[in-house]
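In what follows, a single structure is set out as structure tokens and then discussed.
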Amino acid sequence: MSRAPLPAFYDDLDGTFAELWRLLADGAGHGRSGFHLPALATVGPDGPRLRTVVLRAADRAAGTLRFHCDRRSGKAADLHANPACALAAYDEAAKVQIRVEGRATLHTDDAVAEAAWTGSRPMSRVCYAAEPAPGTALPAGGAYMLPDETSAATLGRPHFAAVMVRAERLDLLYLDRRGHRRAAWRRAEAGWSGGWIAP
Ligand SMILES: Cc1cc2nc3c(=O)[nH]c(=O)nc-3n(C[C@H](O)[C@H](O)[C@H](O)COP(=O)(O)O)c2cc1C
């Protein structure tokens, strides 16, 4: 039975680290990637909270990920109270799971927020202008307002937050019948240090 060749990073720790960041950056750019829609975990007042977000950027040099949210949202409140967070995603084609743990910073009125807002598509901006705020109880399912895309450009901006996650721990799991590979890294003063671990 023929099998696909093993990926170049299979027994290459540095290659696996590079692959992790390549896959995240690819996920930020392409909707077809499993890394485009990671689950984001925060620490809520009653325990862990999990939801899907769109990965907007992944920067290997800085070791950061970016996503966007409404600053009135539950996740924004969680991160404001406790910046500890985690992201996890799996891509079926790559057979890779990536887990990221780190600390989040909410950017609302600085250059990071402005660049993220400017780079957002008009249709993405609309949800930030929704009234009432996300999470508000409604008398009926449709009892909320969304403005048109033109109004959203100004109405949504005060509610917009770009969230930068500074990764502190990374974990990649590659699935293969010939033997899974798992590696993990920690951020240290001198940079990332990592090694293979049992899958
Ligand atoms: C495919 C998909 C993508 C989503 N992307 C985002 C996102 O980028 N940012 C965001 O704040 N919420 C996003 N959401 C909505 C969240 O998953 C969540 O339902 C909502 O933000 C409320 O979460 P919270 O109460 O924990 O803040 C997305 C949901 C889905 C299904």
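Any read-out appearing in this document is the output of simple, stated calculations on the displayed coordinates, not a laboratory observation. It should be emphasised that the depicted structure is a prediction, and the values quoted were computed from it without experimental measurement. Glycine also receives a Cβ, built like all others from the backbone with ideal geometry; neighbour counts cover every protein chain displayed.
With the structure loaded, tell me whether D26 is part of a helix (DSSP H, G or I), away from the ligand (no atom under 15 Å from the Cβ) and surrounded by fewer than 14 Cβ atoms within 10 Å (Cβ to Cβ) or whether it fails that test. Full working, then the answer.
Numbers: part of a helix (DSSP H, G or I): yes; away from the ligand (no atom under 15 Å from the Cβ): yes; surrounded by fewer than 14 Cβ atoms within 10 Å (Cβ to Cβ): no.
Considered against the rule, which asks whether it is part of a helix (DSSP H, G or I), away from the ligand (no atom under 15 Å from the Cβ) and surrounded by fewer than 14 Cβ atoms within 10 Å (Cβ to Cβ), D26 comes out as no.
Can you tell me which residue in the stretch 93-116 is farthest from R186 (Cα to Cα), limited to those that are of a type outside the set (S, T, N, Q) and touching a Lys or Arg at 6+ places or on another chain (Cβ under 6 Å)? Spell out the reasoning first.
Filtering the stretch 93-116 for residues of a type outside the set (S, T, N, Q) gives 93-96, 98-104, 106-107, 109-116.
Still in the running and touching a Lys or Arg at 6+ places or on another chain (Cβ under 6 Å): 101-103.
On the way: E101: 10, G102: 10, R103: 13 Å.
Filtering the stretch 93-116 for residues that are of a type outside the set (S, T, N, Q) and touching a Lys or Arg at 6+ places or on another chain (Cβ under 6 Å), the one farthest from R186 (Cα to Cα) comes out as R103.
Go through (1) within 13 Å of the ligand (Cβ to nearest atom); (2) farther than 16 Å from I98 by Cα; (3) among the small types (G, A, S) and name the single condition A8 misses.
Only one criterion is unmet by A8, namely (1).
Mind listing whichever residues of the stretch 36-48 are near the ligand (Cβ under 9 Å from one of its atoms) and more than 19 Å from V96 (Cβ to Cβ)?
Kept after step one, since they are near the ligand (Cβ under 9 Å from one of its atoms), are these residues of the stretch 36-48: 36-37, 39-40, 42, 44.
Within the stretch 36-48, T42, G44 qualify.
Tell me, which residue of the stretch 115-138 that is within 12 Å of the ligand (Cβ to nearest atom), under 14 Å from G156 (Cβ atoms) and more than 20 Å from the chain's Cα centre (by Cα) is surrounded by the most Cβ atoms within 10 Å (Cβ to Cβ)?
A130
Looking at the stretch 49-75, which of the residues that are of a type in the set (S, T, N, Q) and part of a strand (DSSP E or B) is nearest to the ligand (Cβ to nearest atom)?
The first filter runs over the stretch 49-75 and keeps only residues of a type in the set (S, T, N, Q), leaving 52, 64, 73.
Then keep just the ones that are part of a strand (DSSP E or B); that gives 52, 64.
Details: T52: 4, T64: 16 Å.
Ranking the qualifying residues of the stretch 49-75, first place goes to T52.
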